[in-house]
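Notes follow the structure.
The values are calculated or read from the model by the stated rules, or taken from the named source; none is laboratory data. Not measured: the values here are computed from a predicted model. We place every Cβ from the backbone using ideal geometry, glycine too, and count neighbours over all the protein chains shown.
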There are 2 protein chains.
Amino acid sequence: MPETTAPATPARRGDATRAAILAAARERFAADGYERATVRAIAQEARIDPSMVIRYFGSKEGLFAAAVDVDLRLPDLTGVPRDELGATLVRHFLDLWETGPASAVLVAMLRVGVTNPAGAARMQQVFAEQVAPLARIAGPAGSAGEVPDDAPARAALVASHLLGLALTRLVLRFEPAVAMSRDDVVRWVAPAVQRYLAG
Amino acid sequence: MPETTAPATPARRGDATRAAILAAARERFAADGYERATVRAIAQEARIDPSMVIRYFGSKEGLFAAAVDVDLRLPDLTGVPRDELGATLVRHFLDLWETGPASAVLVAMLRVGVTNPAGAARMQQVFAEQVAPLARIAGPAGSAGEVPDDAPARAALVASHLLGLALTRLVLRFEPAVAMSRDDVVRWVAPAVQRYLAG
DNA sequence: GACCAGTGTCAACACTTGTTGGCCTACACT
DNA sequence: AGTGTAGGCCAACAAGTGTTGACACTGGTC
């Protein structure tokens, strides 16, 4: 980066509104899904004119692509004790989905992925690139170093359960699912995930 | 109201088109979700004028309410051997979701429930009325007759996993999830469900 | 001062949405 | 015959959508 005096990257004034638009977009997409999150509503939440949204991101689809980039930040499981795999993973996802700043992005991704074909494709990509590799360490205890050929299925089962959990707790809001504490969830779900990974 | 002749319900001529509209609606709602399933598209699929949809069902919401009534037809589990609970339930849901005539209705319900508030409310109702009662027989083997107070949580966990399965297999279409055979799914998922019910 | 690109607003476009009213047709009845 | 009514199509409406272009205000550089 050149740093002469002020040029090149002088922290343009529009960067703030650009960020405001992105934040508003994530919130609306998460709350309403792709179709019902209108450009006008996003613009209003960002206290800006709708036309600015198009100016900055080209189109509504461009905005969505810019606003929703998923990074699950999956931990490296190779250092985790083998019988702690399930609990570690469940805790990580609970933190990510339900408390972190990425929460809105993930709920948005889920809501949009269900109705929008492009959203579904994006989720497939996230799964393939971030979740599936995680199953390299899968398989029963004895088989060290070898990647079992049912690793993709194991990863898919883990994804199924954790996405289902997010669905019932954060989107559909089934009463008993919402009522469960973080520790309850870990106690119940961790053994199931553990079995999918190492069973 | 007027019964001039003998048959009070003489199989009116419009009943056929009414059924055609309902079938088309289920298909479009399942494929596209609530917002993207337009009245015009449904009408075209039913080979009818869009205005007829409104005439028959009052509004788009009315059509949705008429088209999507979920009956999970859950089997009576009291007669099932205790260690077969999980497998029985998983098989039932696979048949229901993925092959039966109710398949379109259920996928529609899932797609709409995620983006539409009314749809989410409907799913909560289905869960409360049809799934939650199923957990009356839950709890460890010894406790016969007593309904444990964690029964709602157990039911929610079962719902989470099975809905997550439907999500990854039928909606998001994660490759390894789709590739799994019916028997593979039962082999993997049944023990987890079993534990939630009877563990 | 003049300039000029970045930043923003306003009004309007073209299009799709759910919904409505008018008019035509075919059938069941007397 | 004739007549009433349910079934059906057509054209149009008002509202809301994403998107575009013309115009106005800033801030800093010559």
Among the residues of the range B:34-71, which ones are under 27 Å from B:L172 (Cβ atoms), in a helix (DSSP H, G or I) and away from DNA strand C (no atom under 11 Å from the Cβ)? B:E45, B:A65, B:A67
Restricting to the range A:44-55, what's the tally of residues that are surrounded by 11 or more Cβ atoms within 10 Å (Cβ to Cβ) and more than 11 Å from DNA strand D (Cβ to nearest atom)? 3
The conditions are (1) more than 16 Å from DNA strand C (Cβ to nearest atom); (2) at pLDDT below 95; (3) not assigned by TED's automatic domain parsing to the domain that holds A:D184, and A:G100 fails exactly one of them. Which is it? (3)
When you go through B:V193, B:V105, B:V186 one by one, which is the residue that is closer than 30 Å to B:A66 by Cβ, in contact (Cβ under 8 Å) with a residue 12 or more places away in the chain, in a helix (DSSP H, G or I) and of a type in the set (V, I, T)? B:V105
With respect to A:E146, is the statement that it is among the acidic types (D, E) and more than 9 Å from chain B (Cβ to nearest Cβ) true? yes
In the range A:72-102, which residues are closer than 20 Å to A:A30 by Cα and outside any helix (DSSP H, G or I)? A:L72, A:R73, A:T99, A:G100, A:P101, A:A102
Return the pairs, sorted by first residue and then second, in which the second residue is hydrophobic (A, V, I, L, M, F, W, C) and near DNA strand C (Cβ under 8 Å from one of its atoms), the first residue lies in the range B:39-68 and is within 14 Å of chain A (Cβ to nearest Cβ), the beta carbons are less than 6 Å apart, and the residues are 6+ apart or on different chains. B:K60/B:V39
Could you tell me which of the residues A:A177, A:A151, A:A156, A:A141 is out of contact with any Phe, Trp or Tyr (no Cβ under 8 Å at 6 or more places or on another chain), facing another protein chain (nearest Cβ under 8 Å) and free of Cβ contacts under 8 Å to residues at least 60 places away in the same chain? A:A177
Going through (1) modelled with pLDDT of 95 or more; (2) among the small types (G, A, S); (3) more than 16 Å from DNA strand D (Cβ to nearest atom) one by one, B:G58 fails only at (3)
The lone condition B:P101 fails out of (1) within 16 Å of DNA strand D (Cβ to nearest atom); (2) surrounded by fewer than 16 Cβ atoms within 10 Å (Cβ to Cβ) is (1)
